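The values are calculated or read from the model by the stated rules, or taken from the named source; none is laboratory data. Only a predicted model underlies this, so the values are computations on that prediction, with no experimental measurement involved. Neighbour counts are summed over all protein chains in view; Cβ atoms, including those assigned to glycine, are modelled from backbone coordinates with ideal geometry. In case anyone asks, the SASA skips ligands and DNA or RNA and just uses the protein heavy atoms, side chains included. Shrake-Rupley method; radii C 1.70, N 1.55, O 1.52, S 1.80 Å.
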Amino acid sequence: MQNPGWKSTLRKYIGRKEKAKQNGSCEEDPGEEETEEFSQLYTQWKGVTNNRLYIPTLFKKLPTENDPLLLKLREESRAVFLQRRSRELLDNDELQNLWFLLDKHHTPPLHGDEQMISYKDFLLVAEEAGEKYTPFFQATVFSKLVQNDPFGRVAIMQFFNYVMRKVWLHQTRIGLSLYDVAGQGFLKESDLENYILELIPTLPQLVGLENTFYSFYVCTAVRKFFFFLDPLRTGRIKILDILACSFLDDLLELRDEELSKELQESNWFSAPSALRVYGQYLNLDKDRNGMLSKQELARYGTGTLTDVFLDRVFQECLTYEGEMDYKTYLDFVLAMENRKEPQALRYLFRILDVQHRGYLNVYALNYFFRAIQGQMKLHGQDPIPIEDVKDEIFDMVKPADPLKLTLQDLIKCGKGDTVVCILIDLNDFWTYENREYLVTDQSEQDGASS
């Protein structure tokens with residue numbers, strides 16, 4: 001940065017020269033000390049210090065709560081920037097105009113039932129559409145969309161869907177960025193909660209939700225984003241990661257007023273799904289204190305989770321005086337219902353890694369399977385030897401180290417969910433052990449019904 005001192009030094013230098021001339025003095029140069037000082041200030045002003053380029057500071061630390069005016073200025077400037085970017089996007093009328101131009105300049109003949117457009121007509125549409133449409137009419141875009149047309153054309157509908165998708169992504173990114181308080185490209189849990197809470201009134205499929213249930217719905221929705229997009233529990237997720245995953249599509253699918261019952265039941269964000277999960281939580285909470293003890297959680301699913309596994313859940317997960325709240329329960333449910341996913345396996349692996357070594361050895365397998373053996377005895381079944389189960393698990397996973405099972409081994413083999421089921425749930429273990437008989441019975445039933 002320029003140092004204001006160079007101006008005063010320059011004035012002193014000029015004044016001394018003028019005074020010397022008036023007095024008829026032959027001294028035209030200032031003293032050695034003054035000359036050196038002036039040279040240093042002058043070279044700094046010119047951008048060079050010690051024969052090196054002077055680079056001004058470009059990065060400034062983010063304002064803190066101690067600087068409320070700077071915080072407000074930054075917030076307002078970001079809002080103005082995002083509004084400007086929003087105005088640059090195509091609106092509904094402009095999208096309709098694009099479709100009209102594409103239809104007008106389509107290139108015959110039809111490809112099946114689809115209208116097509118050549119690159120020449122593609123450029124003609126770009127010229128008529130105007131500058132605002134230019135980003136979509138690039139040669140790279142056209143080449144990406146070319147498929148099997150013998151004339152090298154692109155389907156009009158395919159291109160239009162591409163434009164719609166791009167506009168939607170930019171609109172959504174701007175919408176999410178408005179909730180990014182820090183302006184760093186991340187959303188904290190509270191940021192995403194605010195976004196979803198304000199989104200609820202715009203989703204017809206959620207119109208019937210009671211206002212008193214909103215906080216539980218928001219918590220249910222937000223946990224899925226953070227469970228899968230923040231497996232390391234940093235407390236924030238990238239906006240780009242939110243856009244890249246399918247969760248936002250599932251959430252915004254609730255804008256469809258005619259969404260089928262099947263799609264609602266399979267959509268985590270639907271009202272029936274959220275009510276199902278919350279209803280299960282209330283049913284497990286026998287003492288109605290709003291929290292789940294280990295004994296209450298033991299009734300989850302078929303009620304055949306082992307005590308050893310449940311003990312580890314309460315050791316590793318966040319609890320309050322030994323009981324689990326709804327948020328922790330949601331993480332548990334997401335892990336149990338998505339056991340094939342890497343994030344769920346990471347959650348469950350942490351529980352199975354009883355020695356905190358980063359891998360499962362024979363001791364860990366034996367530690368959990370003993371509980372399965374104990375449940376088998378209680379039900380009058382002959383327990384399976386641990387050696388047989390251990391060998392089967394290692395044969396199934398084929399780990400890099402023949403004595404250790406790592407998280408990556410479980411993910412890579414594609415059967416990590418089966419390994420987990422064998423070790424934590426008697427019903428799942430019984431199903432795995434009798435899989436051949438169950439397949440035969442199902443085949444016979446299918447044959448009888450046909």
Between LYS104 and ASN366, how many nm apart are label points set 7 Å from Cα along the C-beta direction? 8.0 nm
Sticking with the crude label model, points 7 Å out along Cα→Cβ, report the distance from PHE151 to TYR320 in nm, one decimal please. 6.7 nm
CYS245 to ASP307: extension gain in nm, 0.36 nm per residue of separation minus the Cα-Cα distance? 18.8 nm
Size of electric dipole in segment 256-299: Cβ of Lys, Arg +1 and of Asp, Glu -1, about Cα centre, debye, nearest 20: 440 debye
Rounded, prolate or oblate: which fits segment 163-298, taking a ≥ b ≥ c as square roots of the Cα gyration tensor eigenvalues, rounded meaning a/c under 1.5, else prolate when a/b beats b/c? oblate
Would you tally the net charge around HIS105, using a Cβ to Cβ cut-off of less than 11 Å, leaving HIS105 out, and scoring K and R as +1, D and E as -1? -2
For segment 83-94, Karplus-derived ³J(HN,Hα) couplings (6.51, -1.76, 1.60; θ = phi - 60°; whole Hz; x for glycine and proline) come out as 5, 5, 5, 5, 5, 6, 7, 6, 8, 4, 5, 5
Could you tell me whether segment 274-327 comes out rounded, prolate or oblate from its Cα gyration tensor? Rule is a ≥ b ≥ c as square roots of the eigenvalues, rounded for a/c under 1.5, then prolate if a/b exceeds b/c, otherwise oblate. oblate
Once phi for every residue in segment 428-433 is put through the Karplus expression 6.51 cos²θ - 1.76 cosθ + 1.60 (θ = phi - 60°), the whole-Hz ³J(HN,Hα) values, with Gly and Pro written as x, are 5, 5, 4, 4, 5, 5
How large is ³J(HN,Hα) for each residue in segment 357-364, as worked out from phi by the Karplus curve 6.51 cos²θ - 1.76 cosθ + 1.60 (θ = phi - 60°), to whole Hz, x for Gly and Pro? 9, x, 7, 9, 10, 4, 4, 5
Whenever you get a sec, line up LYS132, LYS377, LYS61 from highest to lowest accessible area (probe 1.4 Å, protein heavy atoms). LYS61, LYS377, LYS132
Report in % the part of the accessible area of segment 316-393 that belongs to carbon and sulfur, leaving out ligands and nucleic acids; probe 1.4 Å. 48 percent
Please compute the length gained on full extension between ASP388 and VAL181, using 0.36 nm multiplied by the number of residues separating them and subtracting their Cα-Cα distance. 69.0 nm
Length gained when the stretch GLU210-ASN97 is fully extended (0.36 nm per residue, less Cα-Cα span): 36.6 nm
Would you mind checking segment 152-187 for residues with the amide N under 19 Å from a putative spin-label position 7 Å along Cα→C-beta of ARG74? 176-187
